[in-house]
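What follows is a short report on a single structure.
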Amino acid sequence: MNVLSQLELNNKKLSDFAKAFILTQDPKWEASYDEALSEFDLALAQLNLLEKNPQNLISLRKFEALINELKGTELLILAKVREGDVEKAKEFFDLRYEERQNNASRLIVDIVEVKLQEVALNFERSRKLAA
């Protein structure tokens, strides 16, 4: 579940760093975005290797699709800020962006819930075997 929390944290960081870059035009936020993106991609690759539950794999594929859309939007935002078109960059943070961001977070929560159910089931099995 540590990988899942890393994904959620870095997903939030990506959005926050893109917003900070819009507001300040400070290149440090773009560098922070790039670093968070590397961490995010690593955590996602780890989860893809570790996940075996078919239900979670479906959620993971949906999550990846949403994240790819979000990353595309965020990269457009960064490019527009670098070009000096901050107003156009702000337009990319529309309601659709926020909706996709929330949907991605919900998918992570769904995977965590399934993982918790698996842990509870395994605990119950172990308890019965020990009895």
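Here, the range 1-78 is characterised by an Rg to Rh ratio of 1.03, where Rg is the alpha-carbon radius of gyration and Rh the Kirkwood radius. Relative to one another, the C-alpha centroids of the range 56-131 and the range 14-45 are positioned 16 Å apart.
For the chain, adding -39500 (n - 2.57) for each run of n ≥ 4 DSSP H residues and dividing by the number of residues yields -32000 deg cm²/dmol at 222 nm.
Note that the chain presents 60 Å² accessible area per residue, ligands and nucleic acids not counted, probe 1.4 Å.
For the chain, give the percent of accessible area contributed by carbon and sulfur heavy atoms, probe 1.4 Å, rounded to a whole number. Carbon-and-sulfur percentage of accessible area, whole number: 58.
The values are calculated or read from the model by the stated rules, or taken from the named source; none is laboratory data. For clarity, every value in this text was computed on a predicted model and none was experimentally measured. What goes into the accessible areas is simple: the full protein's heavy atoms, side chains included, and nothing from ligands, DNA or RNA. Shrake-Rupley method; radii C 1.70, N 1.55, O 1.52, S 1.80 Å.
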